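In what follows, a single structure is set out as structure tokens and then discussed.
Just so it is clear, none of the values below were taken in a lab; they were calculated from the coordinates. Because the structure is predicted, anything quoted here is derived from the model rather than measured. Cβ sites come from the backbone with ideal geometry, for glycine too, and all protein chains shown count toward neighbours.
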Ligand code: GUN
């Protein structure tokens, strides 16, 4: 079997087009949804991500503001910037790009963001709401993956879902969303014994480890849906995922490519979350 490719770029374009329509509707009521992105330091990957987020906002008609701060700024100065954005009515969503410099406590910074502007969905109260089945903001990457599964009518009801990687940003919220959709979820981490035995049971396999090519075709159940969250550069400078695409494609039923899979959906869902924050405020 050769898997079908789940095109995240195509789906993200349709999500962004729908966002643009809803933004227009809000503008007729005098409201322009606004996203503030805070970038601390000069991490090259973060710079690219932030630029892409701002460009996507502008294209969909949202207002974006990028605040670039020196890497040696104090944590208190960053918290002051966040507090000011919390009080700014033109800002509906606040995103502090991670990772932060090592002298900062990322958890404290995230907790300082107003929960109703936390479009990343990382604030402890948003994590709690997600866990108890009443989400306000769903973290963008897992939210985008749910959209991808929905667009392909992949039912999670009673399905075996396996998530590899248990980060707060992807793995844990992914597990919660799939659990809420009726899946039996296994959340694997770096200590999991016999990872292949777990992944081989998956009807839906989500891999978010940051380790290039770590899931290979022999670890996949024939016909499974494989979602690759990884974005890594290999020795030749080529972008590759956490799944070994060539071998996985021979076994899976449906697979996301890298690039052009999950990545574009993450940005699209950030726009959705920002739009919905503005819509909530407007009602
Ligand atoms: N760094 C990598 N991914 C993300 C994300 O989704 N949000 C933020 N704020 N930082 C990130």
At R0 = 22 Å the Cβ-Cβ FRET efficiency linking residue 150 and residue 20, nearest 0.05, sits at 0.65
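To the nearest 0.05, what FRET efficiency results for residue 74 and residue 168 with a Förster distance of 30 Å applied to their C-beta separation?
It comes to 0.80.
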Within region 68-98, find all residues whose amide N lies under 18 Å from a label point positioned 7 Å from the Cα of residue 115 along Cα-to-beta-carbon.
-> 83, 86-87, 93-95
Fraction of alpha-carbon pairs in region 69-216 farther than 22 Å apart, rounded to whole percent, equals 48
Taking the Cα atoms only, what angle lies between the long axis of helix 171-180 and the longest principal axis of the chain, rounded to 10 degrees?
-> 80
Pairwise centroid distance, computed over Cα atoms, of region 167-215 with region 132-165, Å | 12
Could you work out the relative contact order of region 78-232, using alpha carbon pairs under 8 angstrom and six or more residues apart, expressed as a whole percent?
-> 16
When only Cα pairs under 8 Å and 6 or more residues apart are kept, what is the percent relative contact order across region 202-283?
-> 29
Taking Cα atoms, the helix 75-86 axis meets the longest principal axis of the chain at an angle in degrees (rounded to 10) of 80
If you build a Gaussian network model of the chain, linking Cα atoms that sit under 10 Å apart, which residue out of 161, 20, 181 swings the most?
-> 181
Distance from region 234-283 to region 1-68 (C-alpha centre basis), Å | 13
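Fully extended, how many nm does the chain gain between residue 65 and residue 157 (0.36 nm per residue separation, minus their Cα-Cα distance)?
29.1 nm
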Using R₀ = 22 Å, calculate the FRET efficiency as 1/(1 + (r/R₀)^6) where r is the Cβ-Cβ separation of residue 282 and residue 55; round to 0.05.
-> 0.35
Helix 44-59 versus the longest principal axis of the chain: what is the Cα-based angle in degrees, 0 to 90, to the nearest 10?
-> 70
